[in-house]
1. Putting +1 on Lys and Arg Cβ atoms and -1 on Asp and Glu Cβ atoms, find which of PRO72, TYR116, THR143 reaches farthest to the positive end of the dipole of region 23-353.
2. Can you check how the C-alpha radius of gyration of the chain compares to 2.2 N^0.38 Å, as a plain ratio?
3. Under unit Cβ charges (Lys, Arg +1; Asp, Glu -1), what dipole magnitude, rounded to 20 debye, does region 23-353 have relative to its Cα centre?
4. Is any residue of region 96-130 close enough, with backbone N under 20 Å, to a label point placed 7 angstrom from the Cα of ASP136 along the Cα-Cβ axis, and if so, which?
5. In the neighborhood of VAL60, defined by Cβ-to-Cβ distances under 11 Å, what is the net charge if each Lys or Arg adds +1 and each Asp or Glu adds -1?
6. At ALA101 and THR158, where each label point lies 7 Å from the Cα along Cα→Cβ, what is the point-to-point distance in nanometres?
7. Just the number please: accessible area per residue for the chain, 1.4 Å probe, all protein chains included, in Å².
8. Could you calculate the FRET efficiency of THR296 with GLN268 from 1/(1 + (r/R0)^6), where r is the beta carbon distance between them and R0 is 35 Å, rounded to 0.05?
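The values are calculated or read from the model by the stated rules, or taken from the named source; none is laboratory data. All values derive from a computational prediction rather than experimental measurement. A quick note on method: Cβ atoms are made from the backbone with ideal geometry, for glycine too, and the neighbour counts reach across all protein chains shown. We work out accessible area using only protein heavy atoms, side chains counted, and drop any ligands, DNA or RNA first. Shrake-Rupley method; radii C 1.70, N 1.55, O 1.52, S 1.80 Å.
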Amino acid sequence: MNRKLCLLTVLFLSLFLSATIAQNKTENVILITFDGARTQEVFGGIDLDILKSKTTRGKVEDTALYKKYWAPTPEERRMKMMPFFWGTLMKDYGSIAGNRALGSSVMTTNKMWFSYPGYSEILTGQAHDDVINSNDRKRNPYTSVLEFLQRKLKLSKTQVALFGSWDVFNWIGEHQEGAITINAGHEPYDLINDSEIRAFSKLQNEKLSPWDSVRFDYFTVKFALAHMKKYQPRVVHIALGETDDWAHGGEYAHVLNSFSINDQQIKQIWEFLQNSPKYKNKTSIIFTTDHGRGNTITDWTGHGEKIPEAQNIWMAFVSPGLNLRGEWKNAEPIYQNQAAATLCRWLNLDYSENNAQAGKPVTFPVNSK
Ligand SMILES: [Zn+2]
């Protein structure tokens, strides 16, 4: 073989190897969802019009919410609400799509714009508006990406886990009942024999949330973290609920404070991952929401078929092989049905094996460093 050809072969081989290694960095995937978390708050923090509409006495500037969350620019406002997400995660580790003011959009492909259809689209990679058109406790007729990953990676039941604040995840998360670990709603968590976890598991039913089917996110995160520490699952979905439930009740203070508390919970999860050799630099994460909500002072509390604004969502990505940082700008729109295939792509798996109609993996823009 002549010298040139030989060099060329070495070059190609090393390129091939480095590409393979970069892709193989991901050994675990995590999906974290915030129910009904509007793009308006995620990108812009507190909404002054809503605050004004809620201020019935005195000046808006004198309210506790204004003092806590108001700032002149959207960047400053969202930083006050989610300092860890914006100040650390999106700055140093990941990127986020969906800020329409910057020419990036993320949309649902389902036209229902409420929870079951949204989560099912995220978890199965496809909208089925003819079939999935209510939040009823009905078994998902389609296999989820969580089940697909369990099968492909030959994982045990404890290694694929969904922790949800809303009890309907017991039906959404798996087609085959009992395939994976699901702990949702006010369901006891008993996979760990630990006195603290046992006490919290009991407490969630003694200190009920205001909602029948949704527990406080505090418990969901507590159990998810305990499970991750003990079983080191490779596939995790943590489904937070409070940002939606408080909004339905028109409780804007609670909505903003939930964003803020959820931010601290993500920080806790992130710090756990960074301190674990099993997860550090080997874990890819998608953050997203099931649907948006209305954009006016009268319909921000709601969402659903009559509120088209609710089809606008956002999606954030943290992955060891991905150099993109901050907000996407002037990018092609992406869709809710792409989350499942993206999680699989990071693990070098092809989700179309499970569902040929599913959205394709997200193509990341290359306009950052
Ligand atoms: Zn809702």
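1. PRO72
2. Working: Rg = 21.0 Å, N = 369, 2.2 N^0.38 = 20.8 Å.
Normalised Cα radius of gyration, the chain: 1.01.
3. Values: 38 positive and 39 negative charges, 193 e Å.
Computed about the Cα centre, the dipole is about 920 debye.
4. 111-121, 127-130, by backbone N distance to the label point.
5. On the way: positive: LYS52, LYS54, ARG57, LYS59, LYS67; negative: ASP49, GLU61, ASP62.
Within the 11 Å Cβ shell, the charges total +2.
6. 4.7
7. Values: 16500 Å² over 369 residues.
Accessible surface, normalised per residue, equals 45 Å².
8. Calculated value: 0.50.
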